[in-house]
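Here's the structure we're looking at; comments come further down.
The values are calculated or read from the model by the stated rules, or taken from the named source; none is laboratory data. These numbers were taken from a predicted model, which means no experiment stands behind them. Glycine gets a Cβ as well: all are built from the backbone with ideal geometry, and neighbour counts include every protein chain shown.
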């Protein structure tokens, strides 16, 4: 019987925490990294590890000797990550991680990529035909890492896939991002300026993103695979659906101008590989996902009474 021991980096992060249940359900022995003190329980062994420290990373891999690697950890501070020099640090840390994984005879690795690797002016993004013209230092770093990872994996003889994540949302997302910003402003009876309302993006609920990543890990697929819904929705429609649930349309200003940066009209994933080869489809549509997100914030925000 083959071993299914996996190292999940960023296990306590926005996506990583949702991967755990799917990994356990598929029979993996889960080891997860975190920067916080978390007691190991419920079938997960937590490792408080600084992946910026190469010696710590190498020692951890030597201790665990995972057969599988799901690498999600990265710098993700909203408003800063797009051009942050920390992206370069994560390229280096990820290479150290991969080398350590190869050194302990790891067999299957999946890395989290991004739709920011694509040329967004194409609109529809397909793995085998859309030009790669990365957006910001974040996109450039992800793109460069993918090239390094795929070549290193090929030379080492390990199986490797690259999950290109599109636009995600869900409970406990960083407050400054679109969905939590509008939810929180509605709950607090505060005005909200919506820029770029006509821009259309491919949104996927965070538990579906996690499910797709785990399905990809548990498959033989290699190369880049888009992780999206395959459907675009306008930013205005997202905001209006949230407002319809919370009841304060007068607080939203749709006249705010679109940002000068990254304001292409359409970014949507071609999900042919995801659906036809991985045989994975989303469980939660945007109406349901936004409802779950609103409900979460209702319970976790002290909103003023109307």
Notebook entry, point to check: Inside the range 249-274, can you point out the residues that are at pLDDT below 95, more than 23 Å from residue 136 (Cα to Cα) and in a loop (DSSP other than H, G, I, E, B)?
Noted result: 254, 255, 256
Next item on the list: Could you grab me the full set of residues in the range 27-76 that are without any contact (Cβ under 8 Å) to a residue 24 or more places away in the chain, part of a loop (DSSP other than H, G, I, E, B) and over 21 Å from residue 142 (Cα atoms)?
Entry: 27, 35, 37, 39, 40, 42, 43, 49
Check: Taking the range 1-16 as the search range and keeping residues that are in contact (Cβ under 8 Å) with a residue 12 or more places away in the chain and either over 16 Å from the mean Cα position of the chain (by Cα) or assigned to a helix (DSSP H, G or I) (or both), which one is surrounded by the most Cβ atoms within 10 Å (Cβ to Cβ)?
Finding: 7
Item checked: From the options 98, 70, residue that is under 17 Å from residue 31 (Cα atoms) and either at pLDDT below 95 or within 16 Å of the chain's Cα centre (by Cα) (or both) -> 70
Check: Which of (1) at pLDDT 95 or above; (2) over 18 Å from residue 125 (Cβ atoms) does residue 197 not meet, given it meets every other one?
Finding: (1)
Check: Somewhere in the range 290-305, is a residue touching a strand residue (DSSP E or B) at 6+ places or on another chain (Cβ under 6 Å) and modelled with pLDDT of 95 or more?
Finding: no
Note to self: Pull out all pairs, ordered by first then second residue, where Cβ-Cβ is under 7 Å, the residues are six or more apart or on different chains, the first lies in the range 85-114 and is free of Cβ contacts under 8 Å to residues at least 24 places away in the same chain, and the second is surrounded by fewer than 19 Cβ atoms within 10 Å (Cβ to Cβ).
What the structure shows: 86/75
Notebook entry, point to check: All but one of (1) surrounded by 17 or more Cβ atoms within 10 Å (Cβ to Cβ); (2) within 26 Å of residue 275 (Cα to Cα); (3) out of contact with any helix residue (DSSP H, G or I) (no Cβ under 6 Å at 6 or more places or on another chain) hold for residue 147; which doesn't?
Noted result: (1)
Margin query: Against the condition farther than 29 Å from residue 28 by Cα, over 20 Å from the mean Cα position of the chain (by Cα) and either crowded, with 17+ Cβ neighbours inside 10 Å or without any contact (Cβ under 8 Å) to a residue 40 or more places away in the chain (or both), how does residue 267 come out, does it pass?
Written below: no
Margin query: So, residue 243, is that one part of a helix (DSSP H, G or I), touching a helix residue (DSSP H, G or I) at 6+ places or on another chain (Cβ under 7 Å) and not assigned by TED's automatic domain parsing to the domain that holds residue 151 or not?
Written below: yes
Margin query: If a residue must be part of a helix (DSSP H, G or I), in contact (Cβ under 8 Å) with a residue 12 or more places away in the chain and out of contact with any helix residue (DSSP H, G or I) (no Cβ under 8 Å at 6 or more places or on another chain), how many such residues does the range 218-239 contain?
Written below: 1
Margin query: Just to be sure before I move on: is residue 38 in the same structural domain as residue 150 (by TED's automatic domain parsing) and within 27 Å of residue 221 (Cα to Cα) in the structure I sent?
Written below: no
Note to self: I want to confirm something. Restricting to the range 120-132 and keeping residues that are in contact with a helix residue (DSSP H, G or I) (Cβ under 8 Å, 6 or more places away or on another chain) and in a loop (DSSP other than H, G, I, E, B), which single residue is surrounded by the fewest Cβ atoms within 10 Å (Cβ to Cβ)?
What the structure shows: 131
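So that you can scan it fast, the table gives a plain yes or no per residue for (1) surrounded by fewer than 21 Cβ atoms within 10 Å (Cβ to Cβ); (2) touching a strand residue (DSSP E or B) at 6+ places or on another chain (Cβ under 8 Å); (3) under 30 Å from residue 267 (Cα atoms):
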| position | (1), (2), (3) |
| --- | --- |
| 40 | yes, yes, no |
| 57 | no, no, no |
| 63 | yes, no, no |
| 75 | yes, no, yes |
| 79 | yes, no, yes |
| 92 | yes, no, yes |
